[in-house]
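To start, the structure itself, in structure tokens.
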Amino acid sequence: MGTLQDEIDVELTALTRDYEAWQKEQGLKLGSADEHIFDENLTEAQRMWLRKFSERWEGASPVYTAGNVMRARDL
């Protein structure tokens, strides 16, 4: 069993793959998802997907406190 940091890295890698697959499916080439949440060139459904994705990403992201690492959603 790996460390929590290893688990976070695996989760973020999986999320990255999800984002890349979704962009390919949608015919998009976007930068950071959170930069496009309000992009009026996207459909409402696409912006909603990006909002939900960004929430998943933020929740999985590491937070370092007092020399320890944890997921943001575990705060």
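The values are calculated or read from the model by the stated rules, or taken from the named source; none is laboratory data. What you are looking at is a predicted structure, and each value in this text was computed from that prediction instead of being measured. Cβ: placed from backbone, ideal geometry, glycine included. Neighbour counts: every protein chain shown.
Screening ALA60 against (1) touching a strand residue (DSSP E or B) at 6+ places or on another chain (Cβ under 9 Å); (2) of a type outside the set (Phe, Trp, Tyr); (3) modelled with pLDDT under 95 leaves a single unmet condition, (3). Taking the criterion of being in contact with a helix residue (DSSP H, G or I) (Cβ under 9 Å, 6 or more places away or on another chain) and either under 20 Å from MET70 (Cβ atoms) or in a helix (DSSP H, G or I) (or both), the residues of region 36-54 that qualify are HIS36, GLN46, ARG47, TRP49, LEU50, ARG51, PHE53, SER54.
When you check ALA66 against the structure, is it out of contact with any strand residue (DSSP E or B) (no Cβ under 7 Å at 6 or more places or on another chain) and at pLDDT below 95, yes or no?
Details: out of contact with any strand residue (DSSP E or B) (no Cβ under 7 Å at 6 or more places or on another chain): yes; at pLDDT below 95: yes.
When the stated conditions are applied, ALA66 passes them.
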